[in-house]
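K.L.:
Once you've had a glance at the structure underneath, I'll fire off some questions.
Here, each number is a calculation from the coordinates, and none is a lab measurement. Remember, it's a predicted structure, so these values are computed and weren't measured experimentally. Don't worry about glycine lacking a Cβ; one is built from the backbone with ideal geometry, like all the others, and counts go over all protein chains shown.
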Amino acid sequence: MSIMHDLLIQIPEPDILSRFESARRDTSLAVLEGFHAIKHAIRFGAEIDLVVSSNLPEMRHLADVLAPDVKDQLDGITVEVPGDIFKRLAPHPHRTELIAIAQRRVTDLSLILDDPQQKPVVFLENPSHLGNMGAAIRVAAGAGAAAVITSGQHDPWNPVAIRGGAGLQYAIPVARTEELPECDRPLVAIHPDGEELSADSIPDCAILAFGEEREGLSDTVLQQAEKCLRIPMTEGVSSLNLATAVAVTLYAWRLSDRD
């Protein structure tokens with residue numbers, strides 16, 4: 001058992017409750033709910049402040065099976081608390097009985113947009129559902145996108161979005177903006193009136209813009225777009241879930257014949 005674990009395990013339960021309550025209001029911190037979010041955060045180099053579990057044997061079993069690469073680090077920084085205390089740390093405690101506080105990863109939007117790599121950037125305009133936002137970030141990380149940019153009222157580091165993203169906000173640059181600034185990257189709108197999406201229809205360095213789940217892309221973004229692409233769908237099917245649309249588009253790009 002590490003010295004850090006010996007120190008953390010002595011944190012009084014009221015102090016743990018206070019730290020999580022404070023972390024949910026602190027825009028420099030992230031609350032990670034569930035084993036997978038914490039696993040990914042550790043794997044991708046997050047600075048973890050505190051991990052709390054109500055079932056250490058189950059946590060160790062999950063680490064053995066799903067993430068042996070982070071088991072020792074996770075075990076060395078985890079505090080065990082009674083189940084009644086754990087239930088007070090989140091509005092809907094995760095079934096894996098694990099929760100953590102970590103430092104958010106700060107991303108410079110200009111560095112994202114000026115990066116010359118050919119990978120596309122995903123732009124989510126005013127997403128209305130935190131879980132969908134998180135799932136879209138998860139897909140973008142899995143597909144190898146350059147970054148995810150969001151606009152609107154919802155924070156991509158909200159605990160619900162992190163839960164939906166399985167903590168992969170730490171695997172890919174994520175930034176939030178009032179509006180998408182001008183840059184040299186071509187803006188491509190994913191829109192029902194565009195040309196049909198294909199493996200070679202996405203230009204290099206593109207910003208792929210996806211609209212709000214109900215209203216779609218704004219006129220401002222559509223007017224700025226250099227190109228519109230539509231996802232082919234069976235007649236009568238009007239739309240796809242946001243994260244699904246992001247997945248279809250990014251994996252079309254992945255299938256393109258690029259070096």
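K.L.:
Looking at the chain, what % of its DSSP beta bridges pair antiparallel, to the nearest 5?
P.N.:
Here the share of antiparallel DSSP bridges comes out near 30 percent.
K.L.:
Taking other Cβ within 10 Å of each residue's Cβ, how do M59, M133 sort, fewest first?
P.N.:
By the 10 Å Cβ count, ascending: M59, M133.
K.L.:
Need the full-extension length gain, R214 to S110, defined as separation in residues times 0.36 nm minus the C-alpha distance. One decimal, nm. Present the calculation step by step, with values, prior to reporting the outcome.
P.N.:
Details: separation 104, 0.36 × 104 = 37.44 nm, distance 2.91 nm.
Taking 0.36 nm per residue and subtracting the Cα distance, the gain is 34.5 nm.
K.L.:
What is the fewest-to-most order of W157, W253 by other Cβ atoms lying within 10 Å of their Cβ?
P.N.:
So the ranking, lowest neighbour count to highest, is W157, W253.
K.L.:
222 nm [θ] for the chain, helices only, -39500 (n - 2.57) per DSSP H run of 4+, per residue, to 500? Intermediate results must be reported in sequence, preceding the final value.
P.N.:
Working: 11 runs with 92 residues, N = 259.
Estimated from H runs of four or more residues: -9500 deg cm²/dmol.
K.L.:
Using θ = phi - 60° and the Karplus curve 6.51 cos²θ - 1.76 cosθ + 1.60, what whole-Hz ³J(HN,Hα) does each residue of the range 20-33 get, with Gly and Pro shown as x?
P.N.:
Rounded to whole hertz, the list is 6, 4, 5, 4, 5, 9, 9, 6, 9, 10, 10, 9, 9, 10.
K.L.:
Using 0.36 nm times the number of residues separating Q224 and I11, minus their current alpha carbon distance, what extension gain do you get?
P.N.:
71.4 nm
K.L.:
Please give the Cα centre distance for the range 146-167 versus the range 39-92, rounded to the nearest Å.
P.N.:
21
K.L.:
Taking K119 as the anchor, which lysines have their alpha carbon closer than 27 Å to its alpha carbon, excluding any fewer than eight residues away along the same chain?
P.N.:
K39, K227
K.L.:
Long-range amide H contacts for I207: which residues qualify at under 5 Å (H placed 1.01 Å from N, peptide plane, sequence gap of 5 or more or a different chain)?
P.N.:
V121, L187, V188
K.L.:
If the range 58-156 were replaced by its equivalent ellipsoid, with semi-axes equal to the square roots of 5 times the Cα gyration tensor eigenvalues, what would those be, largest first, whole Å?
P.N.:
With the √(5λ) rule applied to the range 58-156, the semi-axes are 32, 18, 13 Å.
K.L.:
Here's another thing I want to ask about it. Net charge near A140, counting Lys/Arg +1 and Asp/Glu -1 over other residues with Cβ under 13 Å of its Cβ?
P.N.:
For residues surrounding A140, the net value is +3.
K.L.:
Which residues does the label zone of S18 cover in the range 55-92, counting backbone N under 20 Å from a point 7 Å along Cα→Cβ?
P.N.:
Residues passing the 20 Å test: 79-82, 85-90.
K.L.:
I would also like to ask the following. Out of all Cα-Cα pairs in the chain, roughly what percent, to the nearest whole number, are more than 24 Å apart?
P.N.:
50
K.L.:
I need the P(r) histogram for the range 3-103: all alpha carbon pairs, bin width 5 Å from 0 out to the longest distance, whole percents.
P.N.:
Whole-percent P(r) values from 0 Å outward: 2, 13, 27, 28, 20, 8, 1.
K.L.:
So how do Y170, Y251 line up by other beta-carbon neighbours within 10 Å, fewest first?
P.N.:
Working: Y170 24, Y251 15.
Ascending number of Cβ neighbours within 10 Å: Y251, Y170.
K.L.:
Still on this structure, I have one more. Kindly express, to the nearest 10 degrees and within the range 0 to 90, the angle between helix 56-66's C-alpha long axis and the longest C-alpha principal axis of the chain.
P.N.:
Rounded to the nearest ten degrees, it is 40.
K.L.:
Summing Lys, Arg as +1 and Asp, Glu as -1, what charge do residues with Cβ under 13 Å from the Cβ of L56 carry, L56 excluded?
P.N.:
That works out to -3.
K.L.:
Helix 130-143: angle to the longest alpha-carbon principal axis of the chain, degrees 0 to 90, nearest 10?
P.N.:
80
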